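Read the structure below first, then the notes.
The values are calculated or read from the model by the stated rules, or taken from the named source; none is laboratory data. Values in this document were obtained by computation on a predicted structure and should not be read as measured data. Cβ: placed from backbone, ideal geometry, glycine included. Neighbour counts: every protein chain shown. In case anyone asks, the SASA skips ligands and DNA or RNA and just uses the protein heavy atoms, side chains included. Shrake-Rupley method; radii C 1.70, N 1.55, O 1.52, S 1.80 Å.
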Amino acid sequence: MKLLRYGAPGEEMPGLLDAEGRIRSLVGQVPDIDGATLAPAALAKLAALDPASLPLVEGSPRLGPCVGQVGKLVCVGLNYSDHAAETGAEIPAEPILFMKATSAICGPNDDVEIPRGSTKTDWEVELGIVIGSTAKYVSEAEALDHVAGYCVVNDVSEREFQIERLGQWTKGKSCDTFGPMGPWMVTKDEIADPQKLGMWLEVNGRKVQNGSTATMIFGAAYLVSYISQFMSLQPGDVISTGTPPGVGLGMKPPSYLKAGDVVSLGIEGLGEQRQRFVQG
């Protein structure tokens, strides 16, 4: 299934994408696409529905973040060997974790605000892992049993705030609208291998990232297991798993976004996003 949320910000309604690419309403079936809906038993009930029996949503409504009420957005830094190389960083011996404020989450095609004082706003196409059942001290072998599905995340970053200002990465990652998520969450049964997904990102029509989850240093199962050793992962939590090379920071000279720029990105089987960057 491809589960989504549509409607005005803060008023999103649950839906799914049918085989013809049309939105079907899940209003009355579930209250939202959130942790409770992503539990295995709840997903099984949705999977049993005939999409043709659900109301068709007319027009082209705004798509909201594909998961509502996200409890934690856990991010992984420098998780592609070729991305670490382009930034001049060593390949990490274990995952680098940081948190991105959930207030940064927005719809996949919403405008992204360049924060005041920013000179180094950057892009990062990433695979998002959506948790469906509580994971605490889980093994790598059982880790994916706790996954509901996958989605596209743009881990927008302000590099000066992140690297040159004192402290941790959080303030360079958590600005409002710095977490476009969606367009939909694809349940894991539709993704044969999360480590074999092509991914790309374009800035103003120019392809700058063209990679694959195959080059992740730490794969999806390892990350779920690893993170669960330090904190429980709850239904509706999202892990953003790192980006391949081609970010603005790694260019020579570095290149960053400005108001009016348009960023498009996507991951094989998970859909595409498109954002216009505006001055905040």
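Sparse packing (at most 14 other Cβ atoms within 10 Å of the Cβ) combined with a DSSP loop state is found for the following trypsin sites (Lys or Arg not before Pro) in region 190-278: Lys196, Lys258.
Please name whichever of Thr102, Val152, Ala36 sits farthest to the positive end of the charge dipole of region 4-155, dipole taken about the Cα centre and charges placed at Cβ: Lys and Arg +1, Asp and Glu -1. The residue sitting most towards the positive pole is Ala36. Taking every alpha-carbon pair under 8 Å whose residues sit at least 6 apart, the chain reaches a relative contact order of 25 percent.
In region 182-280, the portion of solvent-accessible area held by carbon and sulfur atoms comes to 51 percent [1.4 Å probe, whole percent, DNA, RNA and ligands not counted].
Each residue was assigned an accessible area with a 1.4 Å probe, and for Met13 the value is about 80 Å².
Between amide H atoms placed 1.01 Å from N, distances below 5 Å from Ile114 occur with Val278, Gln279, Gly280, all of them 5 or more places distant or on a separate chain. Using only Cα atoms, locate the centre of region 94-117 and the centre of region 42-88, then give the distance between them in Å, rounded to an integer. Region 94-117 and region 42-88 have Cα centres spaced 15 Å from each other. About the centre of its Cα atoms, region 32-189 shows a dipole size close to 420 debye [charges on the beta carbon of Lys, Arg (+1) and Asp, Glu (-1) only; nearest 20 debye]. Taking Ser103, Ser232, Ser60 in turn, the Gaussian network model of the chain (Cα-Cα springs below 10 Å) assigns the largest fluctuation to Ser60. Using θ = phi - 60° in the Karplus curve 6.51 cos²θ - 1.76 cosθ + 1.60, the 3J(HN,Hα) couplings for region 24-39 round to 10, 7, 9, 4, x, 8, 9, x, 6, 8, 9, x, 5, 6, 8, 5 Hz; x is entered for Gly and Pro. Return the carbon/sulfur percentage of the accessible area of region 66-181, one whole number, probe 1.4 Å, all protein chains in place. Answer for region 66-181 is 49 percent, counting heavy atoms of protein chains only.
In terms of distances greater than 26 angstrom between alpha carbons, the cross-link table entries Lys2/Lys196; Lys207/Lys258; Lys2/Lys258 yield Lys2/Lys258.
Considering only Ala93, Ala135, Ala44, the Gaussian network model of the chain with Cα springs below 10 Å gives its largest mean-square fluctuation to Ala93.
Solvent exposure of the chain amounts to 42 Å² per residue of accessible area, where only protein heavy atoms count and the probe is 1.4 Å.
Per the Debye formula on identical point scatterers at the alpha carbon atoms of region 127-280, with no solvent, log10 I(q)/I(0) at q = 0.16, 0.17 Å⁻¹ is -0.96, -1.06. Size descriptors for the chain (Cα atoms only): Rg and Dmax, in that order, 17.8, 55 Å.
Using the Karplus relation 6.51 cos²θ - 1.76 cosθ + 1.60 with θ = phi - 60°, the per-residue 3J(HN,Hα) values for region 220-229 come to 4, 5, 4, 5, 4, 4, 4, 4, 5, 7 Hz, with x marking Gly and Pro. One chain, two ends: Lys252 and Gln229. Fully extended at 0.36 nm per residue, the span grows by 4.4 nm beyond their Cα-Cα distance. In this structure the amide hydrogen of Ile33, modeled in the peptide plane, comes within under 5 Å of the amide hydrogens of Gly68, none closer than 5 places in sequence on its chain.
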